[in-house]
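Here's the structure, in structure tokens; my notes come after.
Every number here is computed from the coordinates shown, using simple stated rules; none is lab data. All values reported here derive from a predicted model rather than from experimental measurement. Quick reminder, even Gly has a Cβ in these numbers, built from the backbone with ideal geometry, and neighbours come from all protein chains shown.
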């Protein structure tokens, strides 16, 4: 069975400072991992995905994430936060079993202070 | 660009009513999904479909059914709405490849009174 834990429900940073959103996963298979972002009153949008290629994955809007199998983590980072980054972020795991069974984390709300 | 359109942004229904939530995608995607989103719980999968007339239960199918008569349309049905079904409902679609990204609609916020 697969599961995903987002370690912080809320993160607050100042504009221009680094962002770190933490995600740990559990999977019986070699997983695919995703980060999605949801801006207020919008659907979710894919930020980036890991599918067993390079462990450091670059996404849109300057975000990146590193897959660490030994730590079962897939943390999302950005060097410098922008006001427009304020949103909710979801870490997602897929076990690649042929059935499209995604598991979403509970989400991390990112606040960016001016 | 893929567009997933949910027919209603806000809905208010009474307990016991039959409720239809409609979702249409314009990119010929094989897979379609219905999720509900509740604070602190993330997204939970209600039902999904791999093809026309095919459906599979997700994690929380109780009280819901679905219909997929055409490839582009996936309907979620609440047979008899209850107050604990008050939530945000999100539709998504994707290609058949399980590594392809999900494309989401903007959601329907349903309130059952």
Expressed as a percent, the portion of alpha-carbon pairs in the stretch B:4-112 spaced more than 17 Å apart is 48
Length-normalised contact order of the stretch B:7-113, Cα under 8 Å, at least 6 apart, in percent, tallies to 36
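Return the percentage of antiparallel bridges among DSSP beta bridges fully within chain A, rounded to the nearest 5 %.
Values: 35 of 40 bridges.
If I count the DSSP bridges inside chain A, around 90 percent turn out antiparallel.
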Under the 7 Å Cα-to-Cβ spin-label approximation, residue A:9 and residue A:77 lie apart by a distance in nanometres of 2.7
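What area, in nm² and to one decimal, does the C-alpha convex hull of the stretch A:1-112 cast on average over all directions? Don't skip to the answer; put the middle values down first.
Numbers: hull surface 26.6 nm².
Directional mean of the projected Cα hull area for the stretch A:1-112 stands at 6.6 nm².
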Here, residue B:60 and residue B:17, labelled 7 Å along Cα→Cβ, have an inter-label distance in nm of 2.1
Taking every DSSP bridge whose two residues both lie in the stretch B:4-112, the antiparallel percent to the nearest 5 is 90
Using alpha-carbon coordinates alone, the radius of gyration and Dmax of the stretch B:1-64 in Å work out to 13.2, 38
Under 16 Å by backbone N from the virtual spin label 7 Å along Cα-to-Cβ at residue B:95, the residues of the stretch B:1-29 are B:1-3, B:26-29
Partner shielding of A:102-113, as the mean number of partner chain Cβ atoms within 10 Å, equals 3
Within 10 Å of the Cβ of an average residue in B:41-52, the count of other chain Cβ atoms is 3
Scattering profile of the protein assembly as shown from the Debye formula, Cα beads only, expressed as log10 I(q)/I(0) at q = 0.09 Å⁻¹, is -0.37
